[in-house]
Amino acid sequence: MKWKKLGHIFDFSTSQLRSSFVSHAQSPQAVVFEDFVRVYFTSRIKDTEKTFLSIPQFVDFSKDFKTIIQYSDNEIISRGKLGCFDEHGIFPFSPCFVDGIFYAYTSGWCRRISVDVDGGIGLAVSNDNGKSFARLGDGPILSASLYEPFLVIDPFVRKFNNVYYMFYIRGVKWSDTSPPERVYKISYATSRNGIDWQKTNTLIIQNTLGDDECQALPTVIEINGVYHIYFCYRKMADFRTEADNGYRIGYAYSDDLKKWVRDDDLGGLTLSSSGFDSEMMCYPNIFKMDNQVYLLYNGNNFGKQGFGLAILEDVK
């Protein structure tokens, strides 16, 4: 996969959203309309002096990504109710059409005492072409279970061969350090209607950093009969303070969506020598538009500076 980086296309710190939200434009997710592209992402607002809430927003671009047409002007989905799986925010926010219905698969977060967070995957629907969303219920559609005991989050849903596939991550352990650090891997579930899901309880991506490698935010596309998955991965510890331990972009390919061959070098996306993605690349989102394939991603500091864009030039 040969990519051309198109640069840092959205800087949160200079956007008009900066006045309402504290920081970040994490996990950019594209929806292509007839004459513009909407990119959903998650920003942060202050909850207490030391804590934040994750709030989904969007920005609309012209299809050449050179002009911002409009921003969202409110919280596009309400905050989770007291005690619910998404009480403390939604990150990421993954939109798609399911049988003509504009859904968003949400990744809800809630704080805990012994560890810092847990989460589940929820579902919301839009009746105004994606400007706002309402939950179908206050609980998750996919969450912890017998073999997936915590941190079921990061959904990405697409329809392949008349079946809906949800690629997501699930926690496999918490470290015995203080504070505990989480380790999570990529799995998948299937559905006929996009609402009722059957887990496979399988981990599909091989590790390159050992058993403590953390894998996040899968995104999948089919090109010429081959399936390609991009995701981000990092070391378990010191990833916030040590650049070498931070997120990079990983890649694998498959003929059947079940067995995947990992080869990050073939993925073609690496750090830049300078700029907003020189220390970290994370939270990819791959999509097609007008016979081209693009990939949105965050750079340094988990998207604090916004997001960038790359265009696929060649597939071998």
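Residues that are among the aliphatic types (A, V, I, L, M) and part of a loop (DSSP other than H, G, I, E, B): does segment 161-173 have at least one? No; the residues of segment 161-173 include none that is among the aliphatic types (A, V, I, L, M) and part of a loop (DSSP other than H, G, I, E, B). Quick check on segment 251-267. Is at least one of its residues in a loop (DSSP other than H, G, I, E, B) and of a type in the set (S, T, N, Q)? Checked segment 251-267: no residue is in a loop (DSSP other than H, G, I, E, B) and of a type in the set (S, T, N, Q). For Tyr230, the test of being surrounded by 18 or more Cβ atoms within 10 Å (Cβ to Cβ), in contact with a helix residue (DSSP H, G or I) (Cβ under 9 Å, 6 or more places away or on another chain) and at pLDDT 95 or above is passed. Applying a threshold of 8 Å to beta carbon distances and a minimum spacing of six or more residues, or different chains, the list of pairs starting in segment 299-313 at a residue that is surrounded by 22 or more Cβ atoms within 10 Å (Cβ to Cβ) and ending at one that is in a helix (DSSP H, G or I) and hydrophobic (A, V, I, L, M, F, W, C) reads Gly303/Phe12; Gln305/Phe12; Gly306/Phe12.
Each residue in segment 210-227 was checked for being more than 26 Å from Gly119 (Cα to Cα) and either crowded, with 20+ Cβ neighbours inside 10 Å or among the aromatic types (Phe, Trp, Tyr) (or both), and 1 pass.
Scanning segment 251-261 turns up no residue that is under 21 Å from the mean Cα position of the chain (by Cα), at pLDDT below 95 and surrounded by 14 or more Cβ atoms within 10 Å (Cβ to Cβ). Just the residues that are more than 15 Å from Val152 (Cα to Cα) and either at pLDDT 95 or above or buried (at least 24 other Cβ atoms within 10 Å of the Cβ) (or both), please, taken from segment 89-111. Within segment 89-111, Pro95, Phe102, Tyr103, Ala104 qualify. Filtering segment 115-147 to residues that are part of a loop (DSSP other than H, G, I, E, B) and surrounded by 19 or more Cβ atoms within 10 Å (Cβ to Cβ) leaves Gly130, Phe133, Pro140, Ile141, Ser143. When Ser27 is tested against the conditions (1) in contact with a Cys (Cβ under 9 Å, 6 or more places away or on another chain); (2) of a type in the set (S, T, N, Q); (3) over 30 Å from Ile221 (Cα atoms), the lone failure is (3). In segment 174-199, which residues are surrounded by 14 or more Cβ atoms within 10 Å (Cβ to Cβ), among the polar types (S, T, N, Q) and either in contact with a Leu (Cβ under 7 Å, 6 or more places away or on another chain) or not in a strand (DSSP E or B) (or both)? Once the filter is applied, which keeps residues that are surrounded by 14 or more Cβ atoms within 10 Å (Cβ to Cβ), among the polar types (S, T, N, Q) and either in contact with a Leu (Cβ under 7 Å, 6 or more places away or on another chain) or not in a strand (DSSP E or B) (or both), segment 174-199 yields Ser175, Ser187.
Assess whether Gly122 counts as being out of contact with any Leu (no Cβ under 7 Å at 6 or more places or on another chain), under 30 Å from Asn74 (Cβ atoms), without any contact (Cβ under 8 Å) to a residue 24 or more places away in the chain and among the small types (Gly, Ala, Ser). So Gly122 does not fit the description; no. Against the test of being at pLDDT below 85 and either surrounded by 17 or more Cβ atoms within 10 Å (Cβ to Cβ) or touching a His at 6+ places or on another chain (Cβ under 7 Å) (or both), the options Phe58, Phe21, Phe41, Phe12 yield a single qualifying residue, Phe21. Is one or more of the residues making up segment 98-120 over 16 Å from the mean Cα position of the chain (by Cα), among the small types (Gly, Ala, Ser) and at positive phi? Yes, segment 98-120 contains a residue that is over 16 Å from the mean Cα position of the chain (by Cα), among the small types (Gly, Ala, Ser) and at positive phi.
Test Asp244 against the criterion of being more than 17 Å from the chain's Cα centre (by Cα), surrounded by fewer than 21 Cβ atoms within 10 Å (Cβ to Cβ) and in a loop (DSSP other than H, G, I, E, B), and give yes or no. Taking the combined requirement at face value, the residue does not satisfy it.
Restricting attention to segment 277-298, the residues that are part of a loop (DSSP other than H, G, I, E, B), touching a residue at least 40 places away in the same chain (Cβ under 8 Å) and touching a helix residue (DSSP H, G or I) at 6+ places or on another chain (Cβ under 8 Å) total 1. In this structure, Pro180 does not qualify as within 21 Å of the chain's Cα centre (by Cα) and closer than 25 Å to Cys84 by Cα.
Every residue, every condition in (1) of a type in the set (Asp, Glu); (2) farther than 22 Å from Leu203 by Cβ, yes or no:
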site	(1), (2)
Lys235	no, no
Asp244	yes, yes
Leu271	no, yes
Asp314	yes, yes
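Scanning segment 275-299 for residues that are at negative phi and of a type in the set (Phe, Trp, Tyr) turns up Phe276, Phe287, Tyr294, Tyr297.
The values are calculated or read from the model by the stated rules, or taken from the named source; none is laboratory data. Because the structure is predicted, anything quoted here is derived from the model rather than measured. Cβ atoms come from the backbone with ideal geometry, glycine included; neighbour counts cover every protein chain shown.
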